[in-house]
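The values are calculated or read from the model by the stated rules, or taken from the named source; none is laboratory data. Model, not experiment: these values are computed from the prediction. No Cβ is skipped: glycine too gets one built from the backbone with ideal geometry, and neighbour counts run over all protein chains shown.
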Amino acid sequence: MAYRKRTLDMQADRIEAVLARHKVAARVQGGAVTPRYVQFELVTGLGTKVSKVASLAEEIALALGKREARVYRRDGCIRVEVPRQGADPIRLLKLCSRLATVPPGTAVLGVDEAGVPLLLRLPAPDVAHVLIAGTTGSGKTALARSLLTSLAMYNRQAEVQLVLIDPKGRGFGPLQRLPHVLGGMAATSEEALARLRWLVEEMERRDRLGQRRPLLVVAIDELADLIQTAGRSAEAMITRISQRGREAGIHLVACTQKPTASLIGSAVKANFPVRLVGAVASRDEARYATGLSDSGAEKLEGKGDFLLVAKAETVRFQAAWLGPQDLETVLQALAAGPRPGSRWRTAGEACQEPPAPEGLIRRLVKRLPGPKQDGR
Ligand SMILES: Nc1ncnc2c1ncn2[C@@H]1O[C@H](COP(=O)(O)OP(=O)(O)OP(=O)(O)O)[C@@H](O)[C@H]1O
């Protein structure tokens, strides 16, 4: 749903009216419409406390007819953020159609708050292994599916192969038909253990031969469950892969509801430099998941609302969504054999983007007009 400037102006007026009623010297100076939220930036008078504005969050939500409003400080100004109505999912295929090139071994995650596509290059030294954490319904499995499918879309089987470990068999089942999947899905604890043993042997073999290709991306749907059911030997093997896998071209992408060291092992936990953290139940869980004391992950909305945490920095993003039909489109295209270029389109869309740079990719997009002009 497009946001009209008139609607944004009206919402800004309502926020200002609440602030004025409580004698808070502040006004809305602008803002942005992100894929899931509308954010209003406040200019405040000297000495205005964030906590004072934050205490009015519920009243602001009520005035805007929203179920909640979030107040926080960023870049030196106070922001009020409310969920957008009718925000559509960010479809993976549509997002991919906006990308001119994607470097090897790079996964498409979604879009950041400015609508900029966010990509993750697994072989980069600062990446290596990725932990996806969040409560039930946060969208972990959906994000992992998009991440893995995007790898299959942009890399040939000679470059990337996928190892799926999903003892409950629910999350990764639909991905089994990707041609990049090696040896079917490990769907029981015994199969998971056998697959991990093979991976450790393969890692040692590659070490001896100095081999790194093809990249092996090992996806585990519920890491804590696997460690609990398959036991300490599973933990020991996952720890070894997390410590030495990158040099051998082996990368872990593991989902877990509770990323506490007691459940997934402190050594395993320490070896995931990148965490993708969705909605969690409490501030404590947010701290376990992100390793940061004040990430705000407990206030995420769920359904693909995520923080990327790397090197103690966070980027909030909306995860790309891969529906069953789009997955079918990908499977058919991959089954049809080598493709002419690496560009993916949904019908009728043209790609006008310049080539994307390496690393975590940011592409400038237009920010939607703010609700109020400066000096109003
Ligand atoms: N990126 C997304 N965009 C839109 N909706 C999403 C997205 N991700 C998840 N959802 C919605 O949230 C639901 C739950 O997602 P998902 O199964 O991935 O959660 P989960 O965190 O893996 O939960 P569980 O731990 O129970 O498996 C999905 O069925 C879908 O309706």
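Restricting Ser150, Ser233 to those that are surrounded by fewer than 16 Cβ atoms within 10 Å (Cβ to Cβ), assigned by TED's automatic domain parsing to the domain that holds Leu118 and of a type in the set (Ser, Thr, Tyr) reduces the list to Ser233. For Asp284, are the conditions met, namely being out of contact with any strand residue (DSSP E or B) (no Cβ under 9 Å at 6 or more places or on another chain) and either more than 25 Å from Ala114 (Cα to Cα) or acidic (Asp, Glu) (or both)? So Asp284 fits the description; yes. For the range 1-49, taking the residues that are more than 23 Å from Glu113 (Cα to Cα) and of a type in the set (Lys, Arg), the one that is surrounded by the fewest Cβ atoms within 10 Å (Cβ to Cβ) is identified as Lys23. One residue stands out in the range 215-256 among those that are in a loop (DSSP other than H, G, I, E, B) and in contact with a Leu (Cβ under 9 Å, 6 or more places away or on another chain): the one that is nearest to the ligand (Cβ to nearest atom), namely Asp221. For the range 284-328, a residue qualifies if it is surrounded by fewer than 15 Cβ atoms within 10 Å (Cβ to Cβ) and either under 27 Å from Ile238 (Cα atoms) or away from the ligand (no atom under 12 Å from the Cβ) (or both), and the qualifying residues are Asp284, Ser293, Asp294, Lys311, Ala312, Glu313, Gln325, Glu328.
So, Arg67, is that one touching a helix residue (DSSP H, G or I) at 6+ places or on another chain (Cβ under 9 Å), basic (Lys, Arg) and outside any strand (DSSP E or B) or not?
yes
What do you reckon, is Val24 part of a loop (DSSP other than H, G, I, E, B), farther than 22 Å from Phe317 by Cα and in contact with a Ser or Thr (Cβ under 9 Å, 6 or more places away or on another chain)? Criteria met by Val24. Report whether or not Val38 is under 20 Å from Asp305 (Cβ atoms), outside the structural domain of Asp294 (by TED's automatic domain parsing) and part of a strand (DSSP E or B). Taking the combined requirement at face value, the residue satisfies it. Among the residues of the range 117-148, those identified as of a type in the set (Val, Ile, Thr), farther than 24 Å from Ala194 by Cα and within 16 Å of the ligand (Cβ to nearest atom) are Thr135, Thr136. In the range 107-208, counting only strands (runs of 3 or more DSSP E) that sit wholly within it, the ones holding 1 or more residues that are farther than 26 Å from Ala281 by Cα span 117-121, 160-165.
Only one of the listed residues (Gly115, Gly171) is under 14 Å from the mean Cα position of the chain (by Cα), within 21 Å of Val277 (Cβ to Cβ) and in the same structural domain as Met185 (by TED's automatic domain parsing). That residue is Gly115. All but one of (1) within 23 Å of Arg145 (Cβ to Cβ); (2) within 16 Å of the ligand (Cβ to nearest atom) hold for Thr260, so report the exception by its number. Checking Thr260 against (1) within 23 Å of Arg145 (Cβ to Cβ); (2) within 16 Å of the ligand (Cβ to nearest atom), the one that fails is (1).
Within the range 259-293, the set of residues being more than 29 Å from Arg84 (Cβ to Cβ) and hydrophobic (A, V, I, L, M, F, W, C) comprises Ala261, Leu263, Ile264, Ala267, Val268, Ala270, Phe272.
The residue pairs whose first member lies in the range 294-308 and is within 14 Å of Glu81 (Cα to Cα) and touching a residue at least 40 places away in the same chain (Cβ under 8 Å), whose second member is within 14 Å of the ligand (Cβ to nearest atom) and hydroxyl-bearing (Ser, Thr, Tyr), and whose beta carbons are closer than 8 Å, counting only pairs six or more residues apart or on different chains, are Leu300/Ser138; Asp305/Ser138. Condition check: modelled with pLDDT under 90 and of a type in the set (Phe, Trp, Tyr). Does Trp344 satisfy that? So Trp344 fits the description; yes.
Residue-wise test of (1) modelled with pLDDT under 90; (2) of a type in the set (Lys, Arg); (3) under 30 Å from Arg73 (Cα atoms).
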| position | (1), (2), (3) |
| --- | --- |
| Leu276 | no, no, yes |
| Arg283 | yes, yes, yes |
| Gly296 | yes, no, yes |
| Gln318 | no, no, yes |
| Glu328 | no, no, no |
| Leu331 | no, no, no |
| Glu358 | yes, no, no |
| Arg363 | yes, yes, yes |
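If you go through the range 78-106 and keep only what is assigned to a strand (DSSP E or B) and either within 13 Å of the ligand (Cβ to nearest atom) or within 18 Å of Gly302 (Cβ to Cβ) (or both), you end up with Glu81, Val82, Pro83, Ile90, Arg91. Restricting the range 239-276 to residues that are surrounded by fewer than 21 Cβ atoms within 10 Å (Cβ to Cβ) and hydroxyl-bearing (Ser, Thr, Tyr), the residue that is nearest to the chain's Cα centre (by Cα) is Thr260.
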